[in-house]
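The values are calculated or read from the model by the stated rules, or taken from the named source; none is laboratory data. What you see is a predicted model, and the numbers here were worked out from it, not measured in a lab. Every residue, glycine among them, receives a Cβ derived from its backbone with ideal geometry; neighbour counts consider all protein chains shown. For the accessible areas, the whole protein counts, side chains as well, though only heavy atoms, and no ligand, DNA or RNA atoms are used. Shrake-Rupley method; radii C 1.70, N 1.55, O 1.52, S 1.80 Å.
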Amino acid sequence: MSPETLAVVAGRPPRGPGSELNTPVSLTSTYVGGGSMDGGGLGYGRFGNPTWEALETALGALEGGSARAFASGMAAVSAALHLVPADATVLVPHGAYNGTHSVLDLLVEQGRARVERVDVTDAAGVRAALAAVAGPALLWLESPTNPLLEVADLAALSAAGHERGALVVVDNTFATPLVQRPLDLGADVVVHSVTKFLSGHSDVVLGAVVTRSEELLARLVRHRTLHGAIPGPMEAFLALRGLRTLPLRLERSQRSAAELALRLRGHRAVARVRHPSLPDDPGHELARRQMSGFGALVSIEVAGGAAAADAVVDAVRLWVPATSLGGVESLIERRRRHAGEPVVVPEELLRLSVGVEDVEDLWADLSQALDAAAPLA
Ligand code: PLP
């Protein structure tokens, strides 16, 4: 079945006369005579839950692997980073999500990892960095990256990682499995901030991992159970409800994002537009090959620097000045306002998460805000 259909049908309870169409929210901390942590069966509320399982079935079907839900995207990121021993080197994109950089900084501080920042658009450079690693390695990939929207060649880099015996993890939050399936391209593990497009309504914090390896899955589940990084049943229910409409939301958001990227390029207050849909974007050709769309995030660099970018954020009325992304509402944020944002992200960069509002309304609001900031340019 196509992903559009799977998003609707996967993870439903068995069909029968009078059966529930949706898996209900299962609120229980224990199961009568239940199984044990390693012995199968749900057993206890930290080991498993039918509402988590419904979401996991649907997400696994979309990514083409076995999925497990986590308390947040960061809980999933942390579980994946713990798959390698303390003497491993983690190669991470210089412009990756700042939370990933922060948890890696913490692991380095505690002597639990070494970290090397790489430019994932430069496959030869990543290969050389892998070759220079002594001991175990984990290659962390994001594509498109947050918020530079750089595109990495997931197939080539996964192969390069495996040649060196590295574990390859892809954070697929920005693309979603509707647009790109990293396990098909060779990755060992996919992680998600389910908080974002998958849930889609800015009302849930949740994460997930997906893999085809039974061994890695068992280790990830063990981490979840022992560290208690488990999702709430209500969150899992809401995430699955959101997932049902992912194809529709994403289709609209991606179309609007590409349209806005084109229009933004013509605005005098905008110095640079980053979106892989633009034919002269450095990631355009690769994105065409690797993705079935170009994503719903657009980043712009405002002429006039951080002050002008802040003025744009202050002047919007429909766009919501807020962190996060992937919801039905369009959000705008200057990323460097966060102290932990990588310095490769320009001070004047605004990340736009394009929602499902009418594109003309979005443009009217954004262009008036840019007009207001133009005198600073
Ligand atoms: N990965 C990416 C690419 C993200 O953008 C985020 C959050 O913004 C995360 C992981 C962390 O997810 P969460 O906020 O659900 O913990």
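Here are some notes:
- Considering each residue of region 64-71 in turn, none proves to be more than 20 Å from the chain's Cα centre (by Cα), open to solvent by less than 50 Å² (accessible area, probe 1.4 Å) and not polar (S, T, N, Q).
- If the condition is being touching a strand residue (DSSP E or B) at 6+ places or on another chain (Cβ under 6 Å) and within 14 Å of the ligand (Cβ to nearest atom), then region 179-192 contributes P182, V189, V190, V191, H192.
- Filter result (touching a His at 6+ places or on another chain (Cβ under 6 Å) and among the small types (G, A, S)) within region 256-293: A261
- Unique match (being within 15 Å of the chain's Cα centre (by Cα) and of a type in the set (S, T, N, Q)) among T195, T121: T195
- Scanning region 193-211 for residues that are away from the ligand (no atom under 11 Å from the Cβ) and of a type in the set (V, I, T) yields V209, V210, T211.
- Residue that is nearest to D361 (Cα to Cα), among those in region 308-331 that are without any contact (Cβ under 8 Å) to a residue 24 or more places away in the chain and of a type in the set (A, V, I, L, M): V320
- Within region 130-159, if we keep just the residues that are open to solvent by less than 10 Å² (accessible area, probe 1.4 Å) and part of a helix (DSSP H, G or I), the residue that is farthest from the ligand (Cβ to nearest atom) turns out to be L130.
Okay, residues lined up against (1) within 16 Å of the ligand (Cβ to nearest atom); (2) touching a Lys or Arg at 6+ places or on another chain (Cβ under 8 Å):
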site: L248; (1), (2): no, no
site: A258; (1), (2): no, no
site: R265; (1), (2): no, no
site: V270; (1), (2): no, no
site: H284; (1), (2): no, no
site: F294; (1), (2): no, no
site: A308; (1), (2): no, no
site: S324; (1), (2): yes, yes
site: E329; (1), (2): yes, no
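- Region 89-106: number of residues that are over 15 Å from L167 (Cα atoms) and among the β-branched types (V, I, T): 2
- Only a single item in (1) away from the ligand (no atom under 16 Å from the Cβ); (2) out of contact with any helix residue (DSSP H, G or I) (no Cβ under 8 Å at 6 or more places or on another chain); (3) open to solvent by 10 Å² or more (accessible area, probe 1.4 Å) is not met by L238, and it is number (1).
- A count restricted to region 160-178 and to residues that are within 12 Å of the chain's Cα centre (by Cα) and part of a loop (DSSP other than H, G, I, E, B) stands at 6.
- T57 being in contact with a strand residue (DSSP E or B) (Cβ under 8 Å, 6 or more places away or on another chain) and either under 30 Å from R274 (Cα atoms) or within 16 Å of the ligand (Cβ to nearest atom) (or both): no
- Yes/no for A124 being open to solvent by less than 50 Å² (accessible area, probe 1.4 Å), away from the ligand (no atom under 16 Å from the Cβ), among the hydrophobic types (A, V, I, L, M, F, W, C) and modelled with pLDDT of 95 or more: no
- Top-ranked residue in region 33-63 [being open to solvent by 30 Å² or more (accessible area, probe 1.4 Å) and among the hydrophobic types (A, V, I, L, M, F, W, C); ranked as nearest to T5 (Cα to Cα)]: A61
- Residues that are of a type in the set (G, A, S) and in a helix (DSSP H, G or I) within region 274-327 comprise A287, G305, A306, A307, A308, A309, A311, A315, listed in sequence order.
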